[in-house]
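Reading through the structure tokens given below for one structure.
The values are calculated or read from the model by the stated rules, or taken from the named source; none is laboratory data. Quick caveat: nothing in here was measured; it's all calculated off a predicted structure. Every residue, glycine as well, gets a Cβ built from its backbone with ideal geometry; the counts of neighbours run over all protein chains shown. With ligands, DNA and RNA removed, areas are computed over all heavy atoms of the protein, side chains included. Shrake-Rupley method; radii C 1.70, N 1.55, O 1.52, S 1.80 Å.
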Number of protein chains: 2
Amino acid sequence: MVESSFAKRVSVEQVEEGHELAPKFDEHGLIAAVTTDSKTGDVLMLGYMNAEALAKTIETGEAHYWSRSRKVLWHKGATSGLVQKVVDLRIDDDQDAVWLKVEVAGSGASCHVGYMSCFYRSIPTGQAPKPELQLQYQESSKTFDPTEVYGDAPNPTKL
Amino acid sequence: MVESSFAKRVSVEQVEEGHELAPKFDEHGLIAAVTTDSKTGDVLMLGYMNAEALAKTIETGEAHYWSRSRKVLWHKGATSGLVQKVVDLRIDDDQDAVWLKVEVAGSGASCHVGYMSCFYRSIPTGQAPKPELQLQYQESSKTFDPTEVYGDAPNPTKL
């Protein structure tokens, strides 16, 4: 069991103020993972890891996630070549989220749609939202053609 | 219904490549929210928003979350004074996560334990994890005393 790789959660003090890695996986066995570009500080993606993905990321220094849409362990970049090398891996106060600072191979992109960051659109603020609200694109062009890279693999986005 | 503030999700193309805000809330009615410091690029926290928290954040330009431990709408900084002013609010490709770039009032801290970032500890990489692994502190001291700021309010960390 890969879960035995981690410490047991025994107290709030241990979890918040200690030196033990005692991650909390949710009811689906997952922990949230925020990934930022180590050079720009931009958030590239928000993914999820199960215990095996977290252990693989720690062991290899390359980002592994759990694909919720494909339901498989996902070595990021295995298909696209856009591997994420972990420069720093952090755990948060209550140990239910991790933050990966990464260097991305190749073009540096991390989004399956073709953009550098999955967060390529801004939401205008300052008034109450309504369905007519218009998102603003923050990346002017894609860095790669998804159909060339992924072929006819199913799109992971679910409605 | 605050949900009617947003567009309905009708197609993958609309969600990924369109200009409509059509967020996907999970089975608990929540969307993940990554918050970074607009100056340092550091990830400060990972929180969650329900539809009301997202709408309030958009309308006011100040970060609102849903507190999963207290089960209330949470205007960040209402107790501590450490309000998060949103400089840029982003939505990701499949619209199930948001990224807030913020300026934090006061000392600039965002973590209830007293640190600037909730992610104040690193996980060493390069070998398989085991329970003896030692987290490395990346912040040498707290910016505030949680007992002074929060008094005897219940700690939000759950085992």
Response to the item:
accessible surface per residue for the protein assembly as shown, probe 1.4 Å, DNA/RNA/ligands not counted, whole Å² -> 45
Worksheet item: Any idea what diffusion coefficient the range B:52-159 gets from Stokes-Einstein, in µm²/s, Kirkwood Rh on alpha carbon pairs, 20 °C, 1.002 mPa s?
Response: 134
Practice prompt. Work out how far the C-alpha atoms of the protein assembly as shown reach from end to end along every principal axis, then list the three figures in whole Å, largest first.
Written response: 47, 43, 33
Fill in: Separation of alpha-carbon centers, the range A:97-159 and the range B:53-126, rounded to whole Å
21
Fill in: the range B:58-100: mean projected area of Cα convex hull, nm²
3.6
Discussion item. Quick check: net charge around A:L44, other residues with Cβ under 13 Å of its Cβ, Lys/Arg +1 and Asp/Glu -1?
Written reply: -1
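Could you grab the relative contact order for the range A:26-157? Cα pairs under 8 Å, six or more apart, rounded to a whole percent. Intermediate results must be reported in sequence, preceding the final value.
Values: 236 pairs, mean separation 27.7, N = 132.
In percent, rounded to a whole number, it is 21.
Carbon and sulfur: what percent of chain A's accessible surface (1.4 Å probe)? Spell out each step's value before the answer.
Values: 3530 of 7140 Å².
Result for chain A: 49 percent of the exposed heavy-atom area is carbon or sulfur.
Can you pull out the GluC sites (Glu not before Pro) in the range B:16-47 whose DSSP state is coil and whose Cβ has at most 16 other Cβ atoms within 10 Å? Spell out each step's value before the answer.
Details: sites: B:E16, B:E17, B:E20, B:E27; in loops: B:E20, B:E27.
Those satisfying the criteria are B:E27.
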Discussion item. As I understand it, the value is the acute angle between the Cα axis of helix B:51-60 and the longest principal axis of the Cα atoms of chain B; what does it come to in degrees, rounded to 10?
Written reply: 90
Item to complete: Could you pull out every one of the lysines with an alpha carbon less than 21 Å from that of B:K76, ignoring same-chain neighbours closer than 8 positions?
Response: B:K39, B:K56, B:K85, B:K101, B:K142, B:K158
Worksheet item: Going by a 1.4 Å probe on protein heavy atoms, which residues of the range B:104-134 end up with at least 50 Å² less accessible surface in the whole assembly than in their chain alone?
Response: B:F119, B:R121, B:I123, B:T125, B:P129, B:P131
Discussion item. Can you work out the Karplus-derived ³J(HN,Hα) for every residue in the range B:106-121? Use 6.51 cos²θ - 1.76 cosθ + 1.60 with θ = phi - 60°, whole Hz, and x for glycine or proline.
Written reply: x, 6, x, 7, 10, 9, 5, 7, x, 8, 4, 10, 5, 9, 8, 10
Discussion item. For q values of 0.14, 0.19, 0.21 Å⁻¹, compute log₁₀ I(q)/I(0) with the Debye formula on a Cα-only model of the range B:1-126, without solvent.
Written reply: -0.62, -1.05, -1.22
Worksheet item: Accessible area drop of at least 50 Å² (1.4 Å probe, protein heavy atoms): which residues of the range A:36-64 qualify, relative to the chain alone?
Response: A:V43, A:L46, A:I58, A:E59
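Could you pull out the trypsin sites (Lys or Arg not before Pro) across the range B:1-92 that fall in loop regions by DSSP (anything but H, G, I, E, B) with no more than 12 other Cβ atoms inside 10 Å? Walk me through the numbers on the way to the answer.
Values: sites: B:K8, B:R9, B:K24, B:K39, B:K56, B:R68, B:R70, B:K71, B:K76, B:K85, B:R90; in loops: B:K8, B:R9, B:K24, B:K39, B:R68, B:R70, B:K71, B:K76.
Passing both the DSSP loop test and the Cβ count: B:K8, B:R70, B:K71.
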